[in-house]
Amino acid sequence: MIPQPLLDGVIAEAWGLMAEIGRLTAAEPGITRAAFGEGEQIAADLVCRFAAGFGLAPEHDAFGNITFLLPGADPALPAITSGSHLDSVPNGGNFDGLAGTAAALAVLAATRKAGIMPPRSLRALAMRGEESPWFNMAYLGSRLLLAHGDRTALGERRRIDSGLTLREHVDALGFPFRTDATPLLTRQDTACFIELHIEQGPLLEEKDLALGVASAIRGNFRYPQARCVGEYGHASTTPRHSRRDAVMAVAELAIGLDALWAELAAAGDDNFVVTFGRFSTDPAQHALTKVPGEVSFSLNVGSTSEATLRLGAERLDAMIARIAATRGVRFEMGPRVTADPVALDPGVTSLLERQMEASGLPVMRLPTAGHDAGIFALSGIPSAMLLTRNPCGSHNPRETLLESDFAMGCTVLARAMHVAAAGPPD
């Protein structure tokens, strides 16, 4: 194992790396590192400079993803891999993704500085384009890295702000975007993938815990462009029984789904979530004195259980039919987007928990949102996630990570990667 004082020193340098990247990619309020864009490239350049200071050479794939390899005693054995993404949401925080990249690099850098050659190679990743707001699709970097999906179709997606395709953005960064490029890593040369990531929720903060381990990645079904159509009327002369009030109809739907959420939570299922992220009347039509005749909204229903998602969809359909009939409105839900729940590897998850216990830390499992680890798991690579406390939430400028929590996360990650590297050959 790495001597703790040496590891602590490298972790402090990795913390400084994140601070510098945050300073150079600040876009008040918060941080903006556009996927396959300028801020993300600043982060990539600084990550490579940091790694070079420890003799770790970068290797880029055809899409700008970066790997750093510390060879083990038997380079033919599949490598122990960790890392995360470099981009952020617009005006977000500094640690979503970046903390996982910095932590993985800290482990490799400290291992090299300590003169340790583990039995297996250790690999760190700095991936591109995980956040969905830029191209209306998440995990683009890891999808391209692992050839998970149609690379040609991915290359034709357009970035929301620039209007340019993903292929054009990658070309502008100086990479060839070769759809036939051999992946830099595969399930055959990757023993496991461990992603350190901020929690992005309140559970660890509520329990006053620095770290947790993900139990699974939530799946979801989403309606990004739903609407309810009723009928406009006079607010002072239209009685309740004559109204076709779109606001009341969607409000009743929201309350009904919230009641289902409470029902499941009371039964012990704490993995179900419901979000109406967009909810608005037509600004050209709404008025203080008009019964609202139309509401546009988005709906996101998530769970780690496929059975629970099916139940949610069945209840939703039943509610829509009942509300439409009783209130005289019409729901037009629009395109339905789905993502299946992703199970994480029980063996790698248990490995993380054992290292937490060895470090004197209590263990808590909790569900998490979608991350690059999900693409690794879906690609057949045993994957797990180590979550750090995030007191102020994520995807907002107040996103926070305590340096002490980051240090504990790096220590647990280092232990886990070294124990995995010393494990039996595949």
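With the structure loaded, tell me whether L105 is within 20 Å of H85 (Cα to Cα), assigned to a helix (DSSP H, G or I), in contact with a Leu (Cβ under 9 Å, 6 or more places away or on another chain) and aliphatic (A, V, I, L, M) or whether it fails that test.
It is true that L105 is within 20 Å of H85 (Cα to Cα), assigned to a helix (DSSP H, G or I), in contact with a Leu (Cβ under 9 Å, 6 or more places away or on another chain) and aliphatic (A, V, I, L, M).
Restricting attention to helices (runs of 4 or more DSSP H) lying wholly within the stretch 108-181, give those where 3 or more residues are among the charged types (D, E, K, R) and out of contact with any Pro (no Cβ under 7 Å at 6 or more places or on another chain).
Of the helices (runs of 4 or more DSSP H) lying wholly inside the stretch 108-181, those with at least 3 residues that are among the charged types (D, E, K, R) and out of contact with any Pro (no Cβ under 7 Å at 6 or more places or on another chain) span 166-172.
With the structure loaded, tell me whether R157 is assigned by TED's automatic domain parsing to the domain that holds P75, under 23 Å from E38 (Cβ atoms), at pLDDT 95 or above and of a type in the set (K, R) or whether it fails that test.
In short, yes.
If you check E252 against the conditions, is it charged (D, E, K, R), touching a residue at least 60 places away in the same chain (Cβ under 8 Å) and not assigned by TED's automatic domain parsing to the domain that holds A377?
Spelling it out, E252 is indeed charged (D, E, K, R), touching a residue at least 60 places away in the same chain (Cβ under 8 Å) and not assigned by TED's automatic domain parsing to the domain that holds A377.
What tally of residues in the stretch 251-272 results from selecting those that are outside any helix (DSSP H, G or I), surrounded by fewer than 17 Cβ atoms within 10 Å (Cβ to Cβ) and among the hydrophobic types (A, V, I, L, M, F, W, C)?
So the answer is 1.
Taking the stretch 182-216 only, how many residues are basic (K, R) and either under 29 Å from H60 (Cα atoms) or assigned to a loop (DSSP other than H, G, I, E, B) (or both)?
Final tally of qualifying residues: 1.
Can you spot a residue in the stretch 298-309 that is closer than 30 Å to A407 by Cα and not assigned by TED's automatic domain parsing to the domain that holds C192?
Yes, there is a match, as at least one residue in the stretch 298-309 is closer than 30 Å to A407 by Cα and not assigned by TED's automatic domain parsing to the domain that holds C192.
Name the pairs: first residue in the stretch 119-134 and free of Cβ contacts under 8 Å to residues at least 24 places away in the same chain, second residue hydroxyl-bearing (S, T, Y), Cβ to Cβ under 9 Å, at least 6 apart or on different chains?
Matching pairs, first to second residue: S132/Y139.
Please go through the stretch 409-426 and pick out each residue that is more than 11 Å from L122 (Cα to Cα), among the hydrophobic types (A, V, I, L, M, F, W, C) and surrounded by 20 or more Cβ atoms within 10 Å (Cβ to Cβ).
The answer is C410, V412, L413, A416.
Restricting to the stretch 1-41, give me the number of residues that are of a type in the set (V, I, T) and closer than 25 Å to T411 by Cα.
Residues flagged as of a type in the set (V, I, T) and closer than 25 Å to T411 by Cα within the stretch 1-41 amount to 4.
What is the number of the single condition among (1) crowded, with 20+ Cβ neighbours inside 10 Å; (2) free of Cβ contacts under 8 Å to residues at least 40 places away in the same chain that L401 does not meet?
For L401, the exception is condition (2).
Quick one: would you say G100 is part of a loop (DSSP other than H, G, I, E, B) and either touching a residue at least 60 places away in the same chain (Cβ under 8 Å) or buried (at least 24 other Cβ atoms within 10 Å of the Cβ) (or both)?
Considered against the rule, which asks whether it is part of a loop (DSSP other than H, G, I, E, B) and either touching a residue at least 60 places away in the same chain (Cβ under 8 Å) or buried (at least 24 other Cβ atoms within 10 Å of the Cβ) (or both), G100 comes out as no.
What number of residues within the stretch 26-62 are assigned to a loop (DSSP other than H, G, I, E, B) and aromatic (F, W, Y)?
2
Given (1) under 19 Å from the mean Cα position of the chain (by Cα); (2) of a type outside the set (G, A, S); (3) under 26 Å from A34 (Cβ atoms), where does R151 come up short, assuming only one miss?
The number of the failed condition is (1).
Name the residues in the stretch 63-93 that are over 19 Å from N390 (Cβ atoms), part of a loop (DSSP other than H, G, I, E, B) and of a type in the set (S, T, Y), would you?
None; the set is empty.
Could you say which residue among Y232, Y223 is hydroxyl-bearing (S, T, Y), assigned by TED's automatic domain parsing to the domain that holds G302, in contact (Cβ under 8 Å) with a residue 60 or more places away in the chain and within 18 Å of L288 (Cα to Cα)?
Of Y232, Y223, the one residue that is hydroxyl-bearing (S, T, Y), assigned by TED's automatic domain parsing to the domain that holds G302, in contact (Cβ under 8 Å) with a residue 60 or more places away in the chain and within 18 Å of L288 (Cα to Cα) is Y232.
When you check P382 against the structure, is it surrounded by fewer than 19 Cβ atoms within 10 Å (Cβ to Cβ) and in the same structural domain as L77 (by TED's automatic domain parsing), yes or no?
no
For the stretch 298-308, check the following and say yes or no: at least one residue is within 30 Å of G423 (Cβ to Cβ) and under 26 Å from the mean Cα position of the chain (by Cα).
Yes, the conditions are met somewhere in the stretch 298-308.
Please determine whether any residue of the stretch 325-335 is within 30 Å of N94 (Cβ to Cβ), among the β-branched types (V, I, T) and modelled with pLDDT of 95 or more.
no
Of everything in the stretch 294-319 that's in contact with a helix residue (DSSP H, G or I) (Cβ under 6 Å, 6 or more places away or on another chain) and not aliphatic (A, V, I, L, M), which residue is surrounded by the fewest Cβ atoms within 10 Å (Cβ to Cβ)?
Checking each candidate, the answer is R315.
How do the pairs read when you match residues in the stretch 23-47 that are within 14 Å of H85 (Cβ to Cβ) with residues anywhere that are surrounded by fewer than 17 Cβ atoms within 10 Å (Cβ to Cβ) and of a type in the set (D, E, K, R), using Cβ under 9 Å and keeping only pairs 6 or more apart or on different chains?
Taking only residues 6 or more apart or on different chains, the pairs are T25/E38; A34/D161; G37/D161.
Which count do you get for residues in the stretch 350-400 that are aromatic (F, W, Y) and either more than 29 Å from M137 (Cβ to Cβ) or touching a His at 6+ places or on another chain (Cβ under 6 Å) (or both)?
Final tally of qualifying residues: 0.
Which one of E199, E205, E195 is surrounded by fewer than 19 Cβ atoms within 10 Å (Cβ to Cβ) and within 30 Å of I80 (Cβ to Cβ)?
E205
The values are calculated or read from the model by the stated rules, or taken from the named source; none is laboratory data. Worth saying up front: this structure is predicted, and the values here are computed from it rather than measured. When we count neighbours, we look across all protein chains shown, and the Cβ atoms used for this are built from the backbone with ideal geometry, even at glycine.
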